[in-house]
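Notes for the one structure printed next.
The values are calculated or read from the model by the stated rules, or taken from the named source; none is laboratory data. What you see is a predicted model; the values in this text were computed from it and never measured. Positions of Cβ are generated from backbone atoms using ideal geometry, with glycine treated the same way; all protein chains shown enter the neighbour counts.
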Amino acid sequence: MHTPTTEARPSLYYNYEVFKPWLASAHPEQTRNKVAIAGAGPAGMVTALELARHGVPSVVLTSELQFSQGSRAICFTRRSMEILQQVGVADRMTQGGLPWRFGNSFYRGQRVFRMEAPHDPDDRFFPIINVQQQFMEEYLHDACKANPLIDFRWGNKVNAVVQKDGYAEVEVDTSEGAYTLETDWLIAADGGRSGIRSAMNLPMEGASYEGFFVIADIRIDLPFPTERRAYFDPEWNPGNTILMHREPHGIWRVDYQLPPGETPEDALRPESLKARIDAQLAMIGHAGLPWEMDWSSVYSARTLTLPDFLHGSVIFTGDAAHLLPIFGVRGANTAFQDAQSLGWHLAYVVKGLAGPALLSNHSTERVGAAREIIEEAGKSTRFMAPPSRGFRLLRDAVLSLSLTQDFVRPLYHWRTSRPHEYTHSTLNCPGDDNALFKAGPAHGAPPQNVRLGVSDGVNDGVSADEGGFLLDHLGGGFDLLYFTDSALPAALQQVIEEARTRGLPLKVTAVGAPHAVAGAQQHLPDADGHLRQRYGVPANGAAYLLRPDQHICARWLSLDATRLQAALSHALPKL
């Protein structure tokens with residue numbers, strides 16, 4: 001029997017709640033589920049919320065009775081916040097988080113590089129916001145708990161998976177014993193040590209870097225702003241790197257590399273942690289400042305991915321699908337993008353709007369994203385923790401030159417996580433006008449958010465709130481941005497209505513119209529032409545088709561019924 005601890009985890013700033021286990025004896029009538037999700041971390045819960053947003057129920061299984069221990073993921077990107085906005089938790093993240101956009105690199109007491117992440121008035125969210133993972137999990141869980149399509153089961157551990165013809169049998173262990181759960185689809189979101197991945201003997205591709213890093217969260221009052229601080233080759237930890245981040249609730253993260261040969265067990269001894277943290281505080285001019293330890297852990301840098309996320313009725317996502325180094329805040333942020341993609345791809349297959357090829361597309365796109373991240377993260381990792389004498393010589397040369405030479409300083413850039421562009425996606429329309437646009441988001445790109453003017457109206461003439469943004473009014477299915485102030489042609493309206501009759505969610509937004517437009521569900525006047533300018537739309541109009549994850553799959557300088565029908569058919573393969 002699986003008996004998770006019922007003792008609340010210790011924390012200086014977070015009050016852990018211990019939830020009651022879900023027991024099969026209290027639910028004697030069990031039927032086959034559409035989707036079951038193993039794991040209730042960021043990837044698992046966002047996937048459940050995305051599926052529910054598209055009308056698909058799911059069961060979420062987690063072996064624990066409380067949220068994860070320690071701050072873990074703390075830095076969330078702008079695109080992650082846009083995804084969290086779709087599932088209803090971005091406001092809570094903003095209320096409790098610390099936004100920032102600058103990163104500093106120090107060498108021999110001198111700041112040698114200052115990174116500035118782009119931010120302009122069209123961005124609702126800051127480039128990065130710091131929130132400890134327990135709070136983020138709490139917000140996601142509250143959203144899951146409030147959604148009738150999500151069956152959340154605490155204290156349910158997946159022991160085994162047997163794939164049948166078109167479904168999976170899952171053995172789930174609880175404190176009163178095991179039961180069998182049948183599901184058409186099982187999503188393995190069970191983390192970096194995925195038991196499901198191990199049981200299926202699935203090898204990962206990539207590299208694991210030697211050496212270990214310590215994460216220590218301490219409560220301390222330091223007079224520094226919310227900016228990333230990286231220290232290279234300090235006297236107390238020669239040849240290695242230290243990172244520092246401010247977290248909410250008076251917590252600071254100190255992240256440092258261990259010297260070769262030191263074991264994780266030795267590194268986490270209280271006297272070792274105290275000596276290293278005291279040395280770091282002394283180096284930054286705050287020797288003797290009192291501090292308290294909240295949580296510590298050890299990790300190693302790995303750049304690994306499964307070559308395919310889809311295996312029969314089992315789909316891998318998040319850390320179960322790939323292992324990425326923390327440099328560049330890639331872990332949870334990549335998991336959110338995985339979950340957003342998986343949510344709509346799987347929902348459309350479950351609902352019969354597309355065939356299995358759509359799920360193959362999800363795997364291809366997200367494996368491609370993982371490999372792109374691995375390439376970028378590898379560069380960061382080799383700079384932060386050189387894996388060989390040659391890389392160390394190169395890194396040390398950059399450090400030395402950076403004291404006097406500006407041209408080498410950009411090499412300190414940590415290549416922050418960014419949304420993948422599905423430039424070569426099979427869902428991109430081959431017969432549109434993508435190549436003719438001179439600006440705007442192209443095939444496979446994520447959407448460009450745009451601040452709307454105070455005079456803009458939506459929902460057939462109702463005024464938009466001052467300071468609203470384009471992405472506030474999109475989402476839930478396919479979005480057609482039609483830049484016009486006239487009624488949609490009758491033939492185009494007919495294609496749209498036929499698609500909706502088949503169950504396809506397709507919302508039309510008329511951009512540039514000061515009034516309601518026949519055939520459009522909402523309108524955005526765009527009186528100053530700012531939205532048109534950001535999307536590269538000429539004076540005579542254009543149109544964009546956004547997938548349910550808001551990535552661009554088609555854009556036209558001239559749209560008619562035949563071209564729209566072709567794009568929709570291409571984006572939803574029936575095979």
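Hey, among Phe152, Phe106, which residue is outside the structural domain of Pro57 (by TED's automatic domain parsing), part of a strand (DSSP E or B) and not charged (D, E, K, R)?
Exactly one of Phe152, Phe106 is outside the structural domain of Pro57 (by TED's automatic domain parsing), part of a strand (DSSP E or B) and not charged (D, E, K, R), namely Phe106.
If Val454 passes every condition in (1) more than 19 Å from Ala561 (Cβ to Cβ); (2) at pLDDT 95 or above but one, which one does it miss?
If we test Val454 against (1) more than 19 Å from Ala561 (Cβ to Cβ); (2) at pLDDT 95 or above, just (2) comes out false.
If Ala8 passes every condition in (1) more than 25 Å from Phe316 (Cβ to Cβ); (2) surrounded by 19 or more Cβ atoms within 10 Å (Cβ to Cβ); (3) not aromatic (Phe, Trp, Tyr) but one, which one does it miss?
Here Ala8 meets the rest and fails (2).
Is there any pair with a first residue in the stretch 268-283 that is without any contact (Cβ under 8 Å) to a residue 12 or more places away in the chain and of a type outside the set (Phe, Trp, Tyr) and a second that is surrounded by fewer than 16 Cβ atoms within 10 Å (Cβ to Cβ) and assigned to a helix (DSSP H, G or I) whose Cβ atoms are under 8 Å apart and which are 6 or more apart or on different chains, and what are they?
Ser272/Asp266
Tell me, please, whether a residue that is closer than 20 Å to Glu247 by Cβ, modelled with pLDDT of 95 or more, buried (at least 18 other Cβ atoms within 10 Å of the Cβ) and outside the structural domain of Gly285 (by TED's automatic domain parsing) can be found in the stretch 13-23.
Yes, there is a match, as at least one residue in the stretch 13-23 is closer than 20 Å to Glu247 by Cβ, modelled with pLDDT of 95 or more, buried (at least 18 other Cβ atoms within 10 Å of the Cβ) and outside the structural domain of Gly285 (by TED's automatic domain parsing).
Take residues that are over 21 Å from Thr426 (Cβ atoms), within 33 Å of the chain's Cα centre (by Cα) and of a type in the set (S, T, N, Q) and tell me which of the helices (runs of 4 or more DSSP H) falling wholly in the stretch 482-575 contain 1 or more.
On the way: elements: 490-501, 530-534, 561-571.
Here the list reads 490-501, 530-534.
Of the residues Phe135, Phe113, which single one is assigned to a strand (DSSP E or B), surrounded by 15 or more Cβ atoms within 10 Å (Cβ to Cβ) and of a type in the set (Phe, Trp, Tyr)?
Phe113
Can you pull out the strands (runs of 3 or more DSSP E) entirely within the stretch 165-244 that have at least 2 residues that are under 28 Å from Val131 (Cα atoms)?
177-188, 213-219, 228-232
Can you confirm whether Gln30 is over 25 Å from the mean Cα position of the chain (by Cα) and in a loop (DSSP other than H, G, I, E, B)?
yes
Name every residue in the stretch 116-132 that is of a type in the set (D, E, K, R) and either under 19 Å from the mean Cα position of the chain (by Cα) or in a loop (DSSP other than H, G, I, E, B) (or both), in order of residue number.
Residues of the stretch 116-132 of a type in the set (D, E, K, R): 116, 120, 122-124.
Across the stretch 116-132, the qualifying residues are Asp120, Asp122, Asp123, Arg124.
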